[in-house]
Every structure is written in structure tokens, then in C-alpha cells.
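To start, the structure itself, in C-alpha cells.
The values are calculated or read from the model by the stated rules, or taken from the named source; none is laboratory data. The structure displayed is predicted, hence computed values, not measured ones. Virtual Cβ from ideal backbone geometry, glycine too; neighbours counted across all protein chains shown.
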Amino acid sequence: MGFKKGRAARAAAERAAAANSKPLNVRHDCGTAVTYDAPNGSTYEIDVELMIQRNPTKGTSRNVHRHRGHVKHWTMWQYEAERAEGRNYTHSKTTLIQYPKEVCLALEDRYQAIRKLQAKAAEFGAPVVDRQRATDAWRVRLERMSPELLRQVFQQNEAFEQAPTTDLEEDFDAPGLARRAALDTALCEALLEAALRRRDWSPAEVTQAMRWLMNRGLQPGPAHVCKAALLYGALMPLQVLLLDACIDVRGLELPLDQRDQRQKDVGNGGGWVQRCKPALKALLARGAVLSSHSLQSRLLKRLEEDGTARWTERVLEGMQRERPDLPDMVLTRIAEFAGSASSDRGITCPCAEN
């Protein structure tokens, strides 16, 4: 009898392990819903705005709960389920079951994205949010492109005044994307991010892609400077924005904690800082600042100090050009003041012209 029970238990454990090893196929459409395929064969759709889980096949729905843990970056996502009858340890008929880790990460990602969109809508209005959602939708589609096909898009030289294709299905067409980019600003934004994420491309290729997009109507601004610095990190693409497009970055806050989460190939270490150091230094030397909650490592603090020193040099050089009659003693006192101000977080130095 005991052997049969043990064999049944081992068989059940093997079936459970096989079910858990199946891919969940977690996906979303850049909206409020996350869809995944459960090990039991059912497909569930979870709306992070309504906090409801739906089973499209059965037409059933369950409430969803989000709980913040004691650790800062830990969040638990659970759904309601009914308890079995005859339990004596509680009078409640419902229990909370946690989603798999992969599903929890996708739900939290969508939840944070929706909150950012809502804050942006309150600050800038609905049209800005609509453009952001259109860019996100294109970003999801472009992620399925091969690097070679993406490179072919930026090599298209046809007359982009032609009418775009009516629809682009799963198999993308490089000429069709090139024609559509001239009329679709959201696609231009998504193509720019896709090029900046190709760290296997040379700086010349990324720079050529950026110029290609600017020729087709992309209007770069400070947000594009942040993307170029944090996603790719090389100086050549950044020069197109700072020198050719003449973007003023004085006072621009660099949100280092919002860099692309998919590019954390070095974990929480400083490898990404080393990769982006030239671009970050160039921006700090032109008056940009690091976000107040980003300085959590010695490497970032040292980077800010070096950037402040270069910025001070630019200030003094600009003053010497504009006021050659200033005595050296005055410039020395200004340099001493800038040095003392850089050691005090509450004091900032005056900005120089780019």
C-alpha cells in the first residue's frame, strides 16, 4: 500500500515538474493587459488597470491583488481563488495564489508603464500619451525584427514621399517601413530606440541611422539625448544631437535609474557606467545633471566630479572668450568658488554657453 502511494506521489511530482517546465509565453500589446499560457492549458488575460484576470475560453474572471514587500524592489502579484470545503483553520472562502515569477515581472512592468503614462497625461495631455502608446506598439513589433532587416531599413534611399503600405504584417518589409517612417513619427521614435539598442553596431552605423531618421522628419530634443547617452553611450551619435542639431542640455536631468532594463547585462555592477562614461561626461560638461536619487555608487560620484570639473573649465573658457579683459585673479577666484560649490550638493555653478 505504501509503495503504491509513493509511486502515485512521484508520478504527480513528475507531472507537476513537466507542467512547470513548459514556457508560459508571457506577452502584452503595450496596453493594460498581460496574457500568458498557464501549465493547465488555459490562456489568461490580466488587466493591471482594472486588476482583473479573465479566462477568454470559459468567460470567467477573478480579482487580482498587488502587494509591496519589505524589500524595496520586490512586488507580489496574486489572484483570488476559492478554498476547498471542510477546512477548519479559517472562515474565509477565498485564498490568494501567487503568479509565476515571469508573469509577476511582466505585470509589474505594465503596471509601472501605465502609471507613467497616467502621470504624463495629467501633465502634458492626452495627445502626448497617444503618441507614446503608438511608439510602444511599434517598439514591440520592431523587437521581432532581425538585426539584418533593421539595418536594411536604414539603407533605403527610395523617394520617401511615396504613399506608405496599407499594412505591415508579421513579415516586415524594409522598403515599406522606410516609406512609412516619413509619415509616422511614432515609428521614427521606435526605429531610433531600436538602433540605439544595437550595441553590436559600430558608432558610424548608429550615427548613419540617426541622420537617416532626421532626414525623414525626426525632430530630436533633450529626451533623445538621454536615450543616446544611456542606451548606446558612444560619443559619435551624441555629437549629431549636440553639434548638428544644437540641442541645449543645460539643466537636463539624466534619469540613470530609468535606463533600459533589458540591457542590464552586467547586473547591478558598474559595467554600464563604464560603457556610457564618455557620453555622460560630455553631457555633464555641458550643464546636464544626474538625477538626485542616482548617486548610489562611488563610480557615479566620481563621474559627477569629473563632469563638474570639465564643466567648470568650459565656464572659465567661455568667460575668457567673452571678457578677455578680466584679470587672472578674478578667474582664479571663480574657479575656487566652483570647486567649493561642487563639493556641496546644495550649490550649483553658473552655466556656460554650449
Could you give me the residue pairs with C-beta distances under 9 Å whose first residue belongs to the stretch 225-246 and is among the basic types (Lys, Arg), whose second residue is part of a helix (DSSP H, G or I) and buried (at least 16 other Cβ atoms within 10 Å of the Cβ) wherever it lies, and which are 6+ apart or on separate chains?
-> Lys227/Leu192; Lys227/Glu193; Lys227/Leu196
Residue satisfying all of: in the stretch 56-90; surrounded by 11 or more Cβ atoms within 10 Å (Cβ to Cβ) and assigned to a loop (DSSP other than H, G, I, E, B); modelled with the highest pLDDT among these = Pro56
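Quick grid of which residues meet (1) within 19 Å of Leu283 (Cα to Cα); (2) at pLDDT 75 or above; (3) surrounded by fewer than 15 Cβ atoms within 10 Å (Cβ to Cβ):
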| position | (1), (2), (3) |
| --- | --- |
| Glu305 | yes, yes, yes |
| Thr308 | yes, yes, no |
| Glu317 | yes, yes, yes |
| Arg321 | no, yes, yes |
| Leu331 | no, no, no |
| Gly346 | no, no, yes |
| Cys351 | yes, no, no |
Please indicate, with yes or no, whether at least one residue in the stretch 221-241 is of a type outside the set (A, V, I, L, M), surrounded by fewer than 16 Cβ atoms within 10 Å (Cβ to Cβ), modelled with pLDDT under 85 and under 27 Å from Gln155 (Cβ atoms).
-> no
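Please verify whether Glu148 is assigned by TED's automatic domain parsing to the domain that holds Pro175, modelled with pLDDT of 80 or more, surrounded by fewer than 11 Cβ atoms within 10 Å (Cβ to Cβ) and among the charged types (D, E, K, R), treating the condition exactly as stated.
Numbers: assigned by TED's automatic domain parsing to the domain that holds Pro175: yes; modelled with pLDDT of 80 or more: yes; surrounded by fewer than 11 Cβ atoms within 10 Å (Cβ to Cβ): yes; among the charged types (D, E, K, R): yes.
It is true that Glu148 is assigned by TED's automatic domain parsing to the domain that holds Pro175, modelled with pLDDT of 80 or more, surrounded by fewer than 11 Cβ atoms within 10 Å (Cβ to Cβ) and among the charged types (D, E, K, R).
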Output the qualifying pairs, or none if there are none: Cβ atoms under 9 angstrom, residues six or more apart or on different chains, first residue in the stretch 118-142 and farther than 14 Å from Asp184 by Cα and modelled with pLDDT under 80, second residue among the polar types (S, T, N, Q) and surrounded by fewer than 16 Cβ atoms within 10 Å (Cβ to Cβ).
-> Val129/Gln118
Count of residues meeting criterion [more than 14 Å from the chain's Cα centre (by Cα), surrounded by 14 or more Cβ atoms within 10 Å (Cβ to Cβ) and part of a helix (DSSP H, G or I)] in the stretch 91-110 | 4
Which of the residues belonging to the stretch 205-241 are out of contact with any helix residue (DSSP H, G or I) (no Cβ under 7 Å at 6 or more places or on another chain) and in a helix (DSSP H, G or I)?
-> Glu205, Gln208, Trp212, Met214, Asn215, Pro222, Ala223, Cys226, Gln239
Identity of the residue in the stretch 19-55, of a type in the set (Lys, Arg) and under 26 Å from Gln132 (Cβ atoms), that ends up surrounded by the most Cβ atoms within 10 Å (Cβ to Cβ) = Arg54
